[in-house]
Amino acid sequence: MATYARPVERLITELSKLPTIGPKSAQRIAFHIIRGRPDDARALADALREVKERIGPCRRCFNLTEAEECGICTDVRRDSSVLCVVEDPYDIGPIERTGEYRGLYHVLGGALSPLDGIEPEDLRIAELVERVGREGVKEVVIATNPNTTGEATALFIAHELKDMPVRVTALASGLPVGGDLEYADEVTLGRAFAGRREI
């Protein structure tokens, strides 16, 4: 027999599917929503619906956008000769907050992980190589996460670009090994960008 009414159980189950949200956190969030004002719950539901209906990948860099191209790709003040390669769209925010980088981005959609069945063709590596050639990119900054899969992805990309007339760099030390860019502070990320190295 269920502890709570079916709608409450369903809400807890759905919330617990979110990353880093376990059953206890899901239960706390569910009861926060239940205790809150109906308008707050409707606003949350509307925001979820809107993001699923209106947001998609930028056709150029694969960042999230409402339009065909994201605001970064259409910003004429950005340096289009430099591309920063990240695993996921949420890695762009911390880099932007450093104020150190003014180039464009390329979102891979993950990192290589053969054990999890993620091979090069599952990522946007081919699109990156094509883009480097088509757009006359002079430098590719690989900003994958400093963990095993991120490092493997960086090495694979460097190998794919080795015969092209492009400088391939990676973020310098300052980022903890095994960490995620999403959780790095702006100062650490800024120093890593300032001291990026050839790979």
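The numbers here are math on the coordinates, done by the rules we state, and not lab data. On a predicted model such as this, the values are computed, not experimentally measured, just so you know. When we count neighbours, we look across all protein chains shown, and the Cβ atoms used for this are built from the backbone with ideal geometry, even at glycine.
Peptides 137-144, 156-163, 125-132, 17-24 ranked from most to least packed by the mean count of surrounding Cβ atoms within 10 Å: 137-144, 125-132, 156-163, 17-24. In terms of its alpha-carbon gyration tensor, the stretch 6-54 comes out oblate; a/c meets the 1.5 threshold, while b/c is at least as large as a/b.
Taking amide hydrogens as placed 1.01 Å from N in the peptide plane, the amide H of VAL141 sits under 5 Å from those of LEU83, CYS84, VAL85, THR169, each at least 5 positions away in sequence or on another chain.
Values (1) 1.10; (2) 1.21; (3) 0.99 are given for comparison; Cα Rg over 2.2 N^0.38 Å, derived from the coordinates here, is the one labelled (2).
Couplings for the stretch 61-74, taken from phi via the Karplus curve 6.51 cos²θ - 1.76 cosθ + 1.60 with θ = phi - 60°, read 10, 6, 5, 7, 7, 8, 9, 5, 10, 6, x, 6, 5, 8 Hz in order; Gly and Pro are left as x.
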